[in-house]
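Student: Sending over a structure as structure tokens; questions will come in a sec.
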Amino acid sequence: MLKAALHNLGCKVNAYETEAMQTLLEEAGYEIVDFHDKADVYVINTCSVTNIADRKSRQMLHQAKKRNPESIVVACGCYVQTSPQKAAQDESIDVVIGNNQKYRLPEILADYLQNGQKLTEIPDIGKDKQYEQMRMKKTAEHTRAFVKVQDGCNQFCTYCIIPYARGRVRSREYNEVIDEIRELAKNGYQEVVLTGIHLTSYGKDVDSTLIDLIEGVAAVDGIKRVRLGSLEPGIVTEEFAKRLSKIEAFCPHFHLSLQSGCDATLKRMNRHYTAKEYLDGCTLLRKYFEHPAITTDVIVGFPGETEEEFEQTRAFLQKVDFYEVHLFKYSKRQGTPAATMPNQLTEKQKAQRSHILAEDLKANKRRFMEYYRNQNVEILVEEKEQIGNKFFYTGYTKEYVKVAIPGIACKEETNCFVTVKLTNFLDEDIMGVL
């Protein structure tokens with residue numbers, strides 16, 4: 001029996017695909033071992049979102065070949081999709097698989113084992129209109145399953161390489177999603193997260209919409225919670241918010257991608273909304289949910305960002321009052337329009353602005369969590385972990401507030417729901433129960 005090891009780099013969609021490829025290999029008779037062990041086959045699902053991600057992908061491929069020079073090293077994913085010539089010339093790589101060919105992994109490996117010649121399977125993903133059918137039966141996480149329902153992106157933001165790496169929008173058929181989630185529920189998963197490269201585009205090429213899918217997933221027997229991956233603000237309409245608010249299993253934790261609070265910067269980024277439209281979406285969510293968690297991403301120091309534009313973003317972040325903001329200093333990605341834009345900021349300028357925003361936002365998370373002090377909340381217990389010098393059982397509320405419980409909360413120990421009264425903070429990120 002051949003031994004195979006897999007390693008994932010990048011986003012939750014990549015993580016899902018890595019787990020789905022593991023399922024394919026198990027079904028084909030491979031024994032799965034840890035990536036740091038000696039294996040006959042190493043599969044690295046690469047990332048290409050930044051130049052640094054490209055470099056990490058190459059490093060991981062070279063490490064695998066060094067671990068066992070006789071092994072078959074398979075490179076798949078976004079790095080090889082965007083840099084096929086580099087991958088083809090890399091002597092550490094034996095098999096190159098594009099983003100729409102991962103479902104053929106066992107077949108492609110069988111070809112290589114028979115012929116022993118380097119294989120490259122990278123069709124033009126921009127012409128692919130079919131969703132790549134893969135599914136998983138289990139995931140590395142024991143209580144929460146990330147389920148990919150969409151691939152590709154048509155947005156072409158000026159800083160982003162992903163449309164070239166993932167192709168155009170492709171949605172997974174409604175029944176395919178429901179069938180996979182039924183199987184996951186039978187295997188004990190009670191919480192699912194619907195994810196995609198551009199989740200907001202789900203349904204543009206199939207008969208169902210994202211809200212239809214969420215309602216269908218929530219109705220699956222055994223599923224108690226449904227979360228969403230990152231969304232574009234334009235999806236938040238009155239009807240969308242209203243229908244979501246009626247789904248008992250839905251978790252009101254919204255990651256709405258912002259990137260900038262300045263309209264001029266948003267236009268240079270080719271983002272398809274204004275700051276006002278973004279704020280209107282947040283207002284709608286707060287109309288239909290008592291205390292929704294709204295989180296976002298912000299790119300600091302985008303090319304041409306003036307001091308005035310930065311201050312507009314700074315003020316806008318305070319106006320929206322986010323639960324959490326993930327700050328990213330703009331990083332050039334070769335092959336994107338933004339990389340050749342004039343007025344590139346220095347690393348020092350980007351670092352200074354990032355520090356200012358981080359200081360501004362320090363109190364936001366604490367303020368959001370403070371709302372739940374002395375309230376009863378339901379958490380899904382996920383694991384036992386050490387905090388300080390004591391052990392606790394930890395889990396999350398629907399709004400993704402982390403809670404630590406001293407002692408066993410239920411006989412199953414984990415993957416169970418308990419209702420507790422939050423009374424204190426164990427640290428700045430965790431609420432506790434006395």
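The values are calculated or read from the model by the stated rules, or taken from the named source; none is laboratory data. It should be emphasised that the depicted structure is a prediction, and the values quoted were computed from it without experimental measurement. With ideal geometry, Cβ positions are generated from the backbone for all residues, glycine too; neighbour counts draw on all protein chains shown. Only protein heavy atoms, including side chains, enter the accessible area calculation; ligands, DNA and RNA are left aside. Shrake-Rupley method; radii C 1.70, N 1.55, O 1.52, S 1.80 Å.
Student: Q81 - would you say it is open to solvent by 70 Å² or more (accessible area, probe 1.4 Å) and among the polar types (S, T, N, Q)?
Tutor: When the stated conditions are applied, Q81 does not pass them.
Student: Using the structure shown, decide if T195 is touching a strand residue (DSSP E or B) at 6+ places or on another chain (Cβ under 6 Å), touching a residue at least 24 places away in the same chain (Cβ under 8 Å) and not charged (D, E, K, R).
Tutor: yes
Student: Another question, then. Would you be able to tell me the number of residues in segment 101-143 that are over 30 Å from S201 (Cα atoms) and of a type in the set (D, E)?
Tutor: Qualifying residue count for the region: 2.
Student: Which residue pairs have Cβ atoms under 6 Å apart, sit 6 or more places apart or on different chains, and have a first residue in segment 129-155 that is on the phi > 0 side of the Ramachandran plot and a second that is outside any loop (DSSP other than H, G, I, E, B) and modelled with pLDDT of 85 or more?
Tutor: G152/R166; G152/R170
Student: Pick from L61, L6, L2: which is at pLDDT 95 or above, closer than 21 Å to V96 by Cβ, surrounded by fewer than 16 Cβ atoms within 10 Å (Cβ to Cβ) and in contact with a strand residue (DSSP E or B) (Cβ under 8 Å, 6 or more places away or on another chain)?
Tutor: None of the other options fit; the residue is L2.
So that you can scan it fast, the table gives a plain yes or no per residue for (1) touching a residue at least 12 places away in the same chain (Cβ under 8 Å); (2) assigned to a helix (DSSP H, G or I):
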| residue | (1), (2) |
| --- | --- |
| E26 | no, yes |
| H62 | yes, yes |
| V80 | yes, yes |
| A87 | yes, yes |
| V96 | yes, no |
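Student: Where residues in segment 351-406 are assigned to a strand (DSSP E or B) and among the β-branched types (V, I, T), which of them is most open to solvent (accessible area, probe 1.4 Å)?
Tutor: Across segment 351-406, the extreme among qualifying residues is I387.
Student: If you don't mind, another one. Does L317 fit the bill of being among the aliphatic types (A, V, I, L, M), open to solvent by less than 60 Å² (accessible area, probe 1.4 Å) and under 11 Å from L256 (Cβ atoms)?
Tutor: no
Student: Return yes when A88 is of a type in the set (A, V, I, L, M, F, W, C) and farther than 29 Å from K137 by Cα and no when it is not.
Tutor: It is true that A88 is of a type in the set (A, V, I, L, M, F, W, C) and farther than 29 Å from K137 by Cα.
Student: In segment 179-192, how many are open to solvent by 10 Å² or more (accessible area, probe 1.4 Å) and either of a type in the set (D, E, K, R) or under 18 Å from M134 (Cα atoms) (or both)?
Tutor: 6
Student: Quick one: is E309 out of contact with any Leu (no Cβ under 6 Å at 6 or more places or on another chain), over 30 Å from T397 (Cβ atoms), at pLDDT 95 or above and crowded, with 22+ Cβ neighbours inside 10 Å?
Tutor: Here the answer is no, as E309 does not meet what is asked.
Student: Moving on to the next point. Out of the residues in segment 118-148 meeting the condition of being more than 17 Å from E183 (Cβ to Cβ) and part of a strand (DSSP E or B), tell me which one is modelled with the lowest pLDDT.
Tutor: Within segment 118-148, the match that is modelled with the lowest pLDDT is L119.
Student: Being more than 29 Å from T346 (Cβ to Cβ), among the β-branched types (V, I, T) and buried (at least 20 other Cβ atoms within 10 Å of the Cβ), is that true of even one residue in segment 256-265?
Tutor: Looking for residues that are more than 29 Å from T346 (Cβ to Cβ), among the β-branched types (V, I, T) and buried (at least 20 other Cβ atoms within 10 Å of the Cβ), one finds none in segment 256-265, hence no.
Student: Applying the selection to segment 31-51, what residues are in a loop (DSSP other than H, G, I, E, B) and surrounded by fewer than 22 Cβ atoms within 10 Å (Cβ to Cβ)?
Tutor: Within segment 31-51, V33, D34, F35, H36, D37, K38, D40, C47, V49, T50 qualify.
Student: For V149, are the conditions met, namely being in contact with a Lys or Arg (Cβ under 6 Å, 6 or more places away or on another chain) and open to solvent by less than 30 Å² (accessible area, probe 1.4 Å)?
Tutor: It is true that V149 is in contact with a Lys or Arg (Cβ under 6 Å, 6 or more places away or on another chain) and open to solvent by less than 30 Å² (accessible area, probe 1.4 Å).
Student: Among T283, T265, which is the only one that is hydroxyl-bearing (S, T, Y), free of Cβ contacts under 8 Å to residues at least 12 places away in the same chain and assigned to a helix (DSSP H, G or I)?
Tutor: T283
Student: Still on this structure, please answer the following. Being at pLDDT 95 or above, out of contact with any strand residue (DSSP E or B) (no Cβ under 8 Å at 6 or more places or on another chain) and in a loop (DSSP other than H, G, I, E, B) is true for just one of D221, D179, D207, D212. Which residue is that?
Tutor: That would be D221, the only listed residue that is at pLDDT 95 or above, out of contact with any strand residue (DSSP E or B) (no Cβ under 8 Å at 6 or more places or on another chain) and in a loop (DSSP other than H, G, I, E, B).
Student: Would you check which residues across segment 229-252 are open to solvent by 20 Å² or more (accessible area, probe 1.4 Å) and under 26 Å from A165 (Cβ atoms) and list them?
Tutor: Listed by number, the residues that qualify are S230, E232, G234, I235.
Student: Which number in (1) open to solvent by 30 Å² or more (accessible area, probe 1.4 Å); (2) assigned to a helix (DSSP H, G or I) marks the one condition that D54 misses?
Tutor: In the conditions (1) open to solvent by 30 Å² or more (accessible area, probe 1.4 Å); (2) assigned to a helix (DSSP H, G or I), D54 misses (1) alone.
Student: Now, a different point. Which one of these does D111 not meet: (1) of a type in the set (D, E); (2) within 25 Å of S71 (Cβ to Cβ); (3) in contact (Cβ under 8 Å) with a residue 40 or more places away in the chain?
Tutor: If we test D111 against (1) of a type in the set (D, E); (2) within 25 Å of S71 (Cβ to Cβ); (3) in contact (Cβ under 8 Å) with a residue 40 or more places away in the chain, just (3) comes out false.
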